[in-house]
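Visitor: So that we are looking at the same thing, I have put the structure below in C-alpha cells.
The values are calculated or read from the model by the stated rules, or taken from the named source; none is laboratory data. Model, not experiment: these values are computed from the prediction. No Cβ is skipped: glycine too gets one built from the backbone with ideal geometry, and neighbour counts run over all protein chains shown. Quick note on the areas: whole protein, heavy atoms, side chains included, nothing else; ligands and nucleic acids left out. Shrake-Rupley method; radii C 1.70, N 1.55, O 1.52, S 1.80 Å.
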Amino acid sequence: GQLYGDVLYFATEARAGWTHSDPRPLYFWGYFVGLNGLWVLVPGLLLLDACHQLATAQCGHDRPRHKAH
C-alpha cells in the first residue's frame, strides 16, 4: 500500500508538471526526491527481503525427503 501511494504521489506531481513543488534544487532534490524516496526505498527493500525469505522457505519445503529405513 505504501508503494502504491508513493507512485501516485510522484506520478500526479509529474503529470502536473512539477507545479506544486518548490523549483529550488536543494528543496526539490533534497526534500521532494530524497526524503520522499526513502518511502519508496525502505518498503521496496522490505518487499525484496520478504520475497527472498519466502523463496528460501519454499525451496526448503520442496526438497524431496528421504525415508529413514
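Visitor: Once you charge only the Cβ atoms, +1 for Lys and Arg and -1 for Asp and Glu, what is the size of the charge dipole of the chain about its Cα centre, to the nearest 20 debye?
Guide: Charge dipole, the chain, about its Cα centre: 380 debye, nearest 20.
Visitor: Here is a further query. With the other protein chains left in place, how much accessible area per residue, in square angstrom, belongs to the stretch 1-65 at a 1.4 angstrom probe?
Guide: 83 Å²
Visitor: For residue 42 and residue 24, compute 0.36 nm times the residue count separating them, minus their Cα-Cα distance, and round to one decimal in nm.
Guide: Length gained, residue 42 through residue 24: 3.9 nm.
Visitor: Further, regarding this structure: Want the number for residue 8 to residue 35: 0.36 nm per residue separation, take away the alpha-carbon distance, what's left?
Guide: Details: separation 27, 0.36 × 27 = 9.72 nm, distance 1.61 nm.
Here the segment from residue 8 to residue 35 would lengthen by 8.1 nm.
Visitor: Taking all protein chains as present, what is the carbon and sulfur share of the accessible area of the chain, in % to the nearest whole number, probe 1.4 Å? If you can, show how the numbers build up before the last one.
Guide: Details: 4120 of 6040 Å².
It is 68 percent, rounded to a whole number.
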